[in-house]
């Protein structure tokens, strides 16, 4: 499950950064470039956190995806444009759901003594 959450975070980061660049190049939107870059970098930060505290990285990534999703929900309500607002809203919600499931799964496995770094010598 940890591998899945890390892949999700990397793909989401790339999507956000590339989306911001495309927003700047195609639409001349500097705010898209800034927002995409910041959210992509924060997603990479969540990825880094998964290597130290997997549950925290998953939950932080889920919160980030929900915040980005809320931004795109507002944008969709304002513009009624499917691309990029509705598409990125759906992707952000999917990412948040996957990371929540991963966070719950990692948490459950580590409490049972089977997580990374668990002491199995006492068996």
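At-a-glance table
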read-out: Breaking point among (1) touching a helix residue (DSSP H, G or I) at 6+ places or on another chain (Cβ under 8 Å); (2) more than 23 Å from residue 5 (Cα to Cα); (3) modelled with pLDDT under 95, for residue 122; value: (1)
read-out: Number of the condition not met by residue 1 [criteria: (1) closer than 29 Å to residue 107 by Cα; (2) surrounded by 14 or more Cβ atoms within 10 Å (Cβ to Cβ); (3) modelled with pLDDT of 95 or more]; value: (3)
read-out: Test for residue 95: is it part of a helix (DSSP H, G or I), touching a residue at least 24 places away in the same chain (Cβ under 8 Å) and more than 9 Å from the chain's Cα centre (by Cα); value: no
read-out: Residue in region 20-38 that is within 23 Å of residue 3 (Cα to Cα), in contact with a helix residue (DSSP H, G or I) (Cβ under 7 Å, 6 or more places away or on another chain) and either at pLDDT 95 or above or assigned to a helix (DSSP H, G or I) (or both) present; value: no
read-out: Hey, residue 23 buried (at least 19 other Cβ atoms within 10 Å of the Cβ) and closer than 18 Å to residue 66 by Cα or not; value: no
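The values are calculated or read from the model by the stated rules, or taken from the named source; none is laboratory data. None of the values given here were measured: they were computed from a predicted structure. Cβ sites come from the backbone with ideal geometry, for glycine too, and all protein chains shown count toward neighbours.
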